[in-house]
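What follows is a single structure, written as structure tokens, with notes after it.
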Amino acid sequence: MVPPVQVSPLIKTARWSALLIGLIYGKQRYDYLKPIAAEEKRIEEEEKKLREEQERIYKQLSEGL
Amino acid sequence: MAQAVQKFVAKVPTLVGAAVNYSKPRLATFWYYARVELVPPTPAEIPKAISGVQDLLKGFQSGRLGQTTVRDALRNGLVATEVLMWFYIGEIIGKRGLIGYDV
């Protein structure tokens, strides 16, 4: 088998620091996006309730006719 | 249908054994290379890495980098791309999801 190559310390540090930075970036972006998505979901729920209420009223009126 | 499921369940230990037998030597080769090539830098190597960065900067300032052959430039570009990909793997681990943010 080919003997394993000795990787230069620069590349090793660069790789693992890139991994660390990516980890931190992913975690921070997730924490930033989570409350925004929860807020949007809440607004969507309320609007859906409103829309269904209006549809119900509309159906009642159209059946009443 | 139940009989087919039973036959499959009876075969699972053999399948698992076959998978282990297949992967053992390949795992051994992986460890053989990874133990040397993929380990994190020891604290003693970090000053060498910093001096490596300084060498790069000096080479850039002196114009020596303009003398790299296309072959070397391509090779260095591939290494740089690989380092960049480690960033994205770190992001996948940090956001705890393979594709997209699971908010």
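Could you say which residue among A:53, A:40, A:44 is more than 14 Å from every other protein chain (Cβ to nearest Cβ) and either within 30 Å of residue B:38 (Cβ to Cβ) or in a helix (DSSP H, G or I) (or both)? Step through it out loud before you land on a result.
Working: A:40 fails: more than 14 Å from every other protein chain (Cβ to nearest Cβ); A:44 fails: more than 14 Å from every other protein chain (Cβ to nearest Cβ).
Being more than 14 Å from every other protein chain (Cβ to nearest Cβ) and either within 30 Å of residue B:38 (Cβ to Cβ) or in a helix (DSSP H, G or I) (or both) holds for just one of A:53, A:40, A:44, which is A:53.
Quick one: which of B:99, B:93 is within 25 Å of the chain's Cα centre (by Cα), more than 10 Å from every other protein chain (Cβ to nearest Cβ) and over 18 Å from residue A:11 (Cα atoms)?
That would be B:99, the only listed residue that is within 25 Å of the chain's Cα centre (by Cα), more than 10 Å from every other protein chain (Cβ to nearest Cβ) and over 18 Å from residue A:11 (Cα atoms).
Please pick out the residue among A:30, A:58 that is in a helix (DSSP H, G or I), closer than 28 Å to residue B:100 by Cα and among the hydroxyl-bearing types (Ser, Thr, Tyr). Full working, then the answer.
Details: A:58 fails: closer than 28 Å to residue B:100 by Cα.
From the options A:30, A:58, the qualifying one is A:30.
Quick one: is residue A:4 assigned to a loop (DSSP other than H, G, I, E, B) and surrounded by 10 or more Cβ atoms within 10 Å (Cβ to Cβ)? Please lay out each step first, then the result.
Working: assigned to a loop (DSSP other than H, G, I, E, B): yes; surrounded by 10 or more Cβ atoms within 10 Å (Cβ to Cβ): yes.
Yes; evaluated as a whole, the condition is true for this residue.
If residue A:16 satisfies all but one of (1) closer than 30 Å to residue B:25 by Cβ; (2) touching a helix residue (DSSP H, G or I) at 6+ places or on another chain (Cβ under 7 Å), what's the number of the condition it fails?
In the conditions (1) closer than 30 Å to residue B:25 by Cβ; (2) touching a helix residue (DSSP H, G or I) at 6+ places or on another chain (Cβ under 7 Å), residue A:16 misses (2) alone.
Scan the range B:38-60 residue by residue and report those that are more than 12 Å from chain A (Cβ to nearest Cβ) and either modelled with pLDDT under 90 or surrounded by 12 or more Cβ atoms within 10 Å (Cβ to Cβ) (or both).
B:59, B:60
Going through B:26, B:35 one at a time, which residue ends up being at the interface with chain A (Cβ under 10 Å from one of its Cβ atoms) and either assigned to a helix (DSSP H, G or I) or touching a Pro at 6+ places or on another chain (Cβ under 7 Å) (or both)?
Criteria check complete, one pass: B:35.
Please go through the range A:1-33 and give me each residue that is at the interface with chain B (Cβ under 7 Å from one of its Cβ atoms) and of a type in the set (Gly, Ala, Ser), ordered by number.
A:8, A:14, A:18, A:22, A:26
Taking the stated definitions as given, is residue A:57 among the aliphatic types (A, V, I, L, M) and either at pLDDT 95 or above or touching a His at 6+ places or on another chain (Cβ under 6 Å) (or both)?
Numbers: among the aliphatic types (A, V, I, L, M): yes; either at pLDDT 95 or above or touching a His at 6+ places or on another chain (Cβ under 6 Å) (or both): no.
No: the conditions fail for residue A:57.
In the range B:47-103, what residues are charged (D, E, K, R), touching a helix residue (DSSP H, G or I) at 6+ places or on another chain (Cβ under 9 Å), closer than 23 Å to residue A:16 by Cα and in a helix (DSSP H, G or I)? Reasoning before the result, please.
The initial filter retains those residues of the range B:47-103 that are charged (D, E, K, R), namely B:48, B:55, B:58, B:64, B:71-72, B:75, B:82, B:91, B:95-96, B:102.
Filter once more, so that each one left must be touching a helix residue (DSSP H, G or I) at 6+ places or on another chain (Cβ under 9 Å): B:48, B:55, B:58, B:64, B:82, B:91, B:95-96, B:102.
From the residues that got through so far, the ones that are closer than 23 Å to residue A:16 by Cα too are B:48, B:55, B:82, B:91, B:95-96.
Within the range B:47-103, B:48, B:55, B:82, B:91, B:95 meet the criteria.
Checking residue B:7 against (1) modelled with pLDDT under 90; (2) part of a helix (DSSP H, G or I); (3) within 9 Å of chain A (Cβ to nearest Cβ), which test does it fail?
Evaluating residue B:7 over (1) modelled with pLDDT under 90; (2) part of a helix (DSSP H, G or I); (3) within 9 Å of chain A (Cβ to nearest Cβ) leaves (3) as the failure.
The values are calculated or read from the model by the stated rules, or taken from the named source; none is laboratory data. For clarity, every value in this text was computed on a predicted model and none was experimentally measured. Positions of Cβ are backbone-derived with ideal geometry, glycine not excepted, and every protein chain shown enters the neighbour counts.
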